[in-house]
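See structure below.
The values are calculated or read from the model by the stated rules, or taken from the named source; none is laboratory data. Please read these numbers as outputs of a predicted model, since none were measured by experiment. Quick reminder, even Gly has a Cβ in these numbers, built from the backbone with ideal geometry, and neighbours come from all protein chains shown.
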Amino acid sequence: MKCDMVLAGVGGQGILTIAALVGKVAMAQGLNVKQSEVHGMAQRGGSVLAHLRLSDAVIHSDLIADGTADVVLGMEPMEALRHGPALGKDGVIIANANPVVNIGDYPELAQVHEAIKGFPHHVLVDGEALAKEAGSVRSVNMVLLGTLSSFLPLPEELFTKAIAETFARKGEEIVAMNMKAFAAGRQAAKN
Amino acid sequence: MAIKLLLGDEALAQGAIDAGISGCYAYPGTPSTEIMEYFQSSALAAERNLHRQWSCNEKVAMEEALGMSYSGKRAIVCMKHVGLNVAADGFVNAAVTGTNGGLLVVVADDPSMHSSQNEQDSRFYAQFAMIPAFEPTTQQEAYELPKVAFELSEKYRTPVLVRLTTRLSHSRANVQVAESAAAENEGHLPEDARRFILLPGIAKANYKNLCAKQPQLVALSEASAFNRYEDGDDKAWGIIASGIGYNYVQEAFGGKCPYPVLKISQYPLPVKQLRSLLDSCAKIMVVEEGMPFIEQQLRGPLGNDRIHGRLTGDLPRDGELNPRAVMSAFGLPAPASLAPSDLLRARPPRLCDGCPHVNTYEALKAALGFYPGAKVFGDIGCYTLGALPPFQAINSCVDMGASISMAKGATDAGLKPAIAVIGDSTFTHSGMTGVLDAVWENTPMTIIIVDNFTTGMTGGQDSLGTGKLEDICQGLGVKPEHIRVIKPLPGEHEQNVQVLREEIDYQGLSVVISRRECLQTLRRKKSK
C-alpha cells in the first residue's frame, strides 16, 4: 500500500497542519511516513509546498516524482493547478475553489476552475462556505483535510481521534468545530 | 524504543541529546534552525540544563563549542552552509588544536538555494580542514550518527563535520529512538593542554599529527557501517550514491537496482571500496546532492571518460537532485507528466501585510527621490525582499553584514550617498565591526537598522542586541545626535522622510534605527 500526495497552498493556510494530521494517522496505522516541507525565504508569503508519502514498505525519496502523485491537494486553486504535473494518470486533484489574490496578474478564476475540472479525477470544494457553516472560516484546512481523507486508505475514526488530540488544548468548542468542518469536507468528496 | 515522526534536523538533535551532549551552539539559518529549536523545546535538555541559547553569529558559536570541548564535554555547533564561512577560522583551527570532549560541527547545506545566496557544499570544508565528515541518508541515520561521531571525535581528537541537506533537514520520517539518554561527560582537561596554543612551534607539531592521522580516518571510512556496498549483477554501471542521493537511486529503480551501489555517508572517501567498484564496473555514475565533490576527485584534473555525473551532463550541474533527474541519468522511462498550465502566474515571496519594513522602504524611497545618485546596500533577512517590486529599494545583498562594509567601501570610492540597510540581528551578527571602521574614518554614510526585535526570516528567534542598539552604536563611537530613531508606520511617513533626508545630508556617519516589532512574533506572543 502506498499513497503519495502533494499538498500546496499559500503561506498561512494550514498546509503543514494537514500534513501533520495525516502523518499522525498514518503512524497510528503503523505505516512508514516521509513528509517534506519548505521554510525560510522559500515560504515568505509565497507558494507553500509539502510532499507527503505513506507506505507499508520502505520509502526512499523524500520528494515525489512528477507524474506519480496519487493526490494533489491545493488549499488555493491556482496552487492546486501549479502542481498538476505532479499527478499520476489515475490521481485525483482536490482544490479549494476560493483564490488568494495577492499578486497583480492573478488569472481568470473561472478558467482556473475549468482547468481543474479538466482532470479526469477532480474535486472542487468551496472550503470557506463549508468552514463558515461549521462555525469559522479558520477551519478551511479541516474541510480540505476531510475531502482528502476520503481518498486515503486510512480509517475515518483515526482522523477524528487525531483532530481531537491535536486541538484538545484549544478547548471543546474548537475541537467540535473542526470535527464538523472535517465531516463537511468528507461529504463534499462524495458529491 | 519509541517511534517518532522527526525532521532530519530534529532526529540529529535527539540523537545528540541521547549521546550525552552538554551544549548546542548555533545561529539561525535555513535549513539548520530546527536543531537548536528542538533543544530549546526538549524536556530532557531543560532537565539537564544543556546549553541551548542562540549565539550572535556562527564564529562565536563555533568557538563556544570548542571551549566546551576543551573542558571535556560534548558539544555541537549548528549552522547553514554559508554560516560555515563565518565559522571557518575556528573550524579549521579546531582541527589543528584537536578536540577534547567530542565536537560535532553540523552544517545544513541548501542545494537549489531555496533560501540562500549559493549552494556551496560543506564536504569541501571537511576535506580542507582534514577532518572526518558524516552525510546521513535518512532521518534514522541522522539520529544514530551523533553517538558514533562523538566517539570518533574523542578517540581521534578531531572535530567531526555532519553534513545535512534541505531535503533531509526539512523532511519528517519515522525514527526509532532510544528509551533513555547517555550521561554527559565529566569535565576533564585535555591530556596535553599546550596543543590548544597555536604558536607556530606548537602548531607545526600539531599539523604533523593531523597529517599523520589521515590514513587512520580513511581506514575508519572503509570500515564504517555508514558506507555500504550493495552488489548488483549488471556491472555496466557502478553507482556511487552519497547522502540522500542514495534515496533517489533506490527510488529510480523501485528498490531493485541491477547495478552495484556504493552508498557513502562517511568521509574521507573509502578508498578500498572505490577502487573495487572502479575495477569491477565499466562506467561509474556519481549521484551526489550538491557540488560534484566526489565526481571531480575521481575524474582528477585530466578527466576520466568512465566517470559520469554532474560534470558530464548526466545529471544537472546545479540545483538539487530529484527522482526524475536520476531516472533520466540511467535512461529509465519516467511516467508521463502533464505540462504546466499556461494560466499559472508566479507567486514570489513577499513581505507580510503590515510589515514594518514596508513603511521603512516607502520612507526611504521617498527620501531617495531627492538623491538621484544614491545606492542602497542591503543585507540578509526578510528586508532583502525590498529588492523586489513594488519597492526595488536595494541594490545589493551579498553576505551577513556586507551592507555596512560595502556602503563604506563605495563611499571611499566616491559613490554618494551610500545607504546601508541592515536588520537588528544581522547588525549584531556582523554589522558592528563595519561601524567601527566607519567611525574610525568618520565616513559620510547612512546606516539604517531595521529593528523588529527578532531574527525574522528564520521564524522569529532571539536577536541578541534587542534593547541595546543605541548603546551599542554610541559605544562604537557614533555621535549621539546622529543616532536617530524612527517608527515605521503610515502616520509617521512624512516625519520619517524628513529624518532620513537630514541624516543623508549630514556629511558624517549616521545611524537611523527604524523600529517596530515584527508582526509574526507579536502575533505569536499574543496567542500564548
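As a summary of the residue check, A:Gln29 satisfies the conditions (1) away from chain B (no Cβ under 11 Å); (2) farther than 19 Å from A:Tyr106 by Cα; (3) within 14 Å of the chain's Cα centre (by Cα) except for the one numbered (3). Summed over region B:492-528, the residues that are within 16 Å of B:Thr455 (Cβ to Cβ) and among the hydrophobic types (A, V, I, L, M, F, W, C) give a count of 3. The condition (being among the small types (Gly, Ala, Ser), farther than 27 Å from B:Arg345 by Cβ and either in contact with a Phe, Trp or Tyr (Cβ under 9 Å, 6 or more places away or on another chain) or buried (at least 18 other Cβ atoms within 10 Å of the Cβ) (or both)) is satisfied by just one residue among A:Ala164, A:Ala181, A:Ala115: A:Ala181. Selection of first residues in region B:372-383 that are assigned to a helix (DSSP H, G or I) and of second residues that are of a type in the set (A, V, I, L, M, F, W, C), restricted to Cβ pairs under 6 Å at least 6 apart or on distinct chains, gives the following pairs, ordered by first then second residue: B:Cys382/B:Met457; B:Tyr383/B:Val450. So which residues in region B:32-59 are small (Gly, Ala, Ser) and within 14 Å of chain A (Cβ to nearest Cβ), if there are any at all? B:Ser32 - this is the single residue of region B:32-59 that is small (Gly, Ala, Ser) and within 14 Å of chain A (Cβ to nearest Cβ). Each residue in region B:307-362 was checked for being among the hydroxyl-bearing types (Ser, Thr, Tyr), closer than 24 Å to A:Ser47 by Cβ and away from chain A (no Cβ under 14 Å), and 1 pass.
Within region B:319-331, the set of residues being surrounded by 13 or more Cβ atoms within 10 Å (Cβ to Cβ) and not polar (S, T, N, Q) comprises B:Gly319, B:Glu320, B:Leu321, B:Pro323, B:Arg324, B:Ala325, B:Val326, B:Met327, B:Ala329, B:Phe330.
Of the residues that make up region B:174-187, is at least one more than 14 Å from every other protein chain (Cβ to nearest Cβ), touching a strand residue (DSSP E or B) at 6+ places or on another chain (Cβ under 9 Å) and either small (Gly, Ala, Ser) or over 15 Å from B:Gly243 (Cβ atoms) (or both)? Yes, the conditions are met somewhere in region B:174-187. If you go through region B:207-244 and pick out every residue that is over 29 Å from the mean Cα position of the chain (by Cα) and among the β-branched types (Val, Ile, Thr), you end up with 0. State which residue is farthest from the other protein chains (Cβ to nearest Cβ) when the search covers only region B:449-474 and only residues that are over 14 Å from B:Arg516 (Cα atoms) and assigned to a helix (DSSP H, G or I). So, considering only residues that are over 14 Å from B:Arg516 (Cα atoms) and assigned to a helix (DSSP H, G or I), the one farthest from the other protein chains (Cβ to nearest Cβ) is B:Gln474. With respect to (1) touching a helix residue (DSSP H, G or I) at 6+ places or on another chain (Cβ under 9 Å); (2) part of a loop (DSSP other than H, G, I, E, B), the lone exception for B:Pro389 is condition (1). The set of residues in region B:240-250 being within 14 Å of another protein chain (Cβ to nearest Cβ) and crowded, with 24+ Cβ neighbours inside 10 Å consists of B:Ala241, B:Gly243, B:Ile244, B:Gly245, B:Tyr246, B:Asn247, B:Tyr248, B:Val249. Hey, can you tell me all the residues within region B:188-232 that are acidic (Asp, Glu) and closer than 26 Å to B:Ile244 by Cα? B:Glu222, B:Glu230, B:Asp231 - these are the residues of region B:188-232 that are acidic (Asp, Glu) and closer than 26 Å to B:Ile244 by Cα. If we keep just the residues of region B:439-496 that are charged (D, E, K, R) and in contact with a Lys or Arg (Cβ under 9 Å, 6 or more places away or on another chain), which is nearest to B:Ser116 (Cα to Cα)? Filtering first and then ranking leaves B:Asp451. Among the candidates B:Glu37, B:Glu58, B:Glu63, the residue that is in contact with a helix residue (DSSP H, G or I) (Cβ under 7 Å, 6 or more places away or on another chain), of a type in the set (Asp, Glu) and closer than 22 Å to B:His170 by Cα is uniquely B:Glu58. Do we have B:Leu161 as out of contact with any Ser or Thr (no Cβ under 6 Å at 6 or more places or on another chain), within 19 Å of B:Gly8 (Cβ to Cβ) and outside the structural domain of B:Gly245 (by TED's automatic domain parsing) here? Criteria met by B:Leu161. Would it be correct to say that A:Leu21 is crowded, with 19+ Cβ neighbours inside 10 Å, out of contact with any strand residue (DSSP E or B) (no Cβ under 9 Å at 6 or more places or on another chain) and either assigned to a strand (DSSP E or B) or more than 10 Å from chain B (Cβ to nearest Cβ) (or both)? Answer is yes for this residue. Counting just the residues of region B:1-31 that are touching a His at 6+ places or on another chain (Cβ under 6 Å) and assigned to a loop (DSSP other than H, G, I, E, B), which one comes out nearest to the other protein chains (Cβ to nearest Cβ)? Across region B:1-31, the extreme among qualifying residues is B:Thr30. Looking only at residues of region B:142-188 that are within 18 Å of the chain's Cα centre (by Cα) and among the polar types (S, T, N, Q), we find that the one that is surrounded by the most Cβ atoms within 10 Å (Cβ to Cβ) is B:Thr166.
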